[in-house]
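Quick notes on the structure that follows.
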Amino acid sequence: MSFVAGLRARAAAAHRRVAFPECADARTQEAVRALARDGIVEALAILDPARPESHGAVRALGVEVLDPASDPAAPRIAELLLARRAKHGVTTDQARALARDPLNFADGLVALGTAHASVGGAVYTSAQVIRAALWSVGAAAGVSTVSSAMYMVVPDFRGAGEEVLTFADCSVVPEPTPAQLAEIAIASAHERAKIVGDAPRVALLSYSTAGSAEGASVSRMRETLRLLRERKVEFPVDGEMQADTALVADVAARKMPKSSVAGRANVLIFPSVDAGNLAYKLVQRLAHAQAIGPILQGLARPCSDLSRGASVDDIMNAAAIAALQATA
C-alpha cells in the first residue's frame, strides 16, 4: 500500500470530524464529496455568507452543512474570540463579525470541540490561516513556536523502497533561533509519529558536519542540539550534519560513524525557511517526489494550511493528515 493510501485508510479508522471553510471553492467541494464517499473523514461543510450563489452546490454535497450567519455556535465563537483578543483591541462587534467569517467559524468549531480539525488555505492565504488558528485554537501547551513541515514521498534511494521524509520548517519561521529550532524539531518528531506511524530520527542540517566548518547558522544548530539533549527528548537526534551525511549510510560511516541518526535520518530540520523551502522544491522537481503540505504543527488542535494552488488530492491528503493529528 502506498503512503497516501495508507494515510487515508488510517484516517478513516480514526473517525474524525473536519471542518472545511472554503466550500464556495469548486476544488473543496469535490474534495469534500470524495472524502465523504470514501469515509476518510466526517466532513463539515461551512457556507460562506458572502457567496450565497454557492450555497446550493454546498448543500448538495451530502454532508453536514453549517451556516456561520445563523448557526447557534457563532455567538459562542464570538465570545471565545473576544475573550482571547479583547486585550489586543478586538471589540464585541468585531468578534461577532469575525465569527461569521467561514475560516474563523471553522477554527472556532475546532476550539469548541465540535470539530476535531479544520482544513483551509486553498483560497485564504497562509497568513490568514495561521492567524485564525492562533486566535481561536492557539499554540499547544508549553509551545511558543508554530511551524510547518512538508512530507516528501521520495523514490527509493537507500534500497528500502519508497520513503517519506519530513522537512521542517519550510514556510513559517524565517530565521529560527536555537530555541525555536528545538521546538520545531520536537513538533516534527511528534507529528511524524502520528502521521507516518514510524519512529522519528532527527537530523539538524547544516553546511558543516560535526565541526568541519564554522559560522552563525552552524552555531545555531549546535546550540539546538544542546537544548534538545538538555530536554532529554525521547527521539534520536544529532547534528550538525550535512544532508548527505544525514541520508547516505556510506557518507555517514566516514563523517559521523558513531551517530545513531546519520545515514538513517527521516526528519530533516533546516536552519532557515530559505533552506527548507528551496530543498523541498528541488527534491519535488528533480527527484519527482510527492510533496504533501505544508502541515502546521505546534497548535493546540490541528488547523491545516494548503497552498492556494492545491489540487483536490492535496485537500484530501491534508484532511487525512489533520484527522491523524487529532488523535491522542
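Compared with the dominant Cα axis of the chain, that is its longest principal axis, helix 3-14 is turned about 50°. For a straight C-alpha distance cut-off of 26 angstrom, the lysines reachable from Lys281 (same-chain residues fewer than eight places away being disregarded) are Lys194. Quick one: in region 131-271, what % of C-alpha pairs are over 21 Å apart? Here the long-distance tail beyond 21 Å is 40 percent of all Cα pairs in region 131-271. Here the chain is treated as an ellipsoid with the same Cα gyration tensor; its semi-axes, largest first and in whole Å, are 37, 22, 15. If you model region 1-98 as an ellipsoid using its alpha carbon gyration tensor, with each semi-axis the square root of five times an eigenvalue, the axes come out at 30, 18, 11 Å, biggest first.
At a probe radius of 1.4 angstrom, the accessible area of region 28-128 per residue rounds to 45 square angstrom. Helices in the chain, meaning DSSP H runs of at least 4 residues, each add -39500 (n - 2.57). Divided by all residues, the mean residue ellipticity at 222 nm is -13500 deg cm²/dmol. Note on region 219-328: semi-axes of the ellipsoid equivalent to its C-alpha gyration tensor, largest first and rounded to whole Å, are 28, 19, 13. Extent along the principal axes, Cα only, for region 214-270: 29, 29, 18 Å, with the longest axis given first. In angstrom, the C-alpha Rg and Dmax of region 107-183 are 15.7, 46.
Under a cut-off of 22 Å between alpha-carbon atoms, report the lysines in cross-link reach of Lys258, not counting same-chain residues fewer than 8 places apart. By straight Cα distance, Lys258 reaches Lys232.
The values are calculated or read from the model by the stated rules, or taken from the named source; none is laboratory data. Computed from a predicted structure; not experimentally measured. For accessibility, only protein heavy atoms count, side chains too; no ligands or nucleic acids. Shrake-Rupley method; radii C 1.70, N 1.55, O 1.52, S 1.80 Å.
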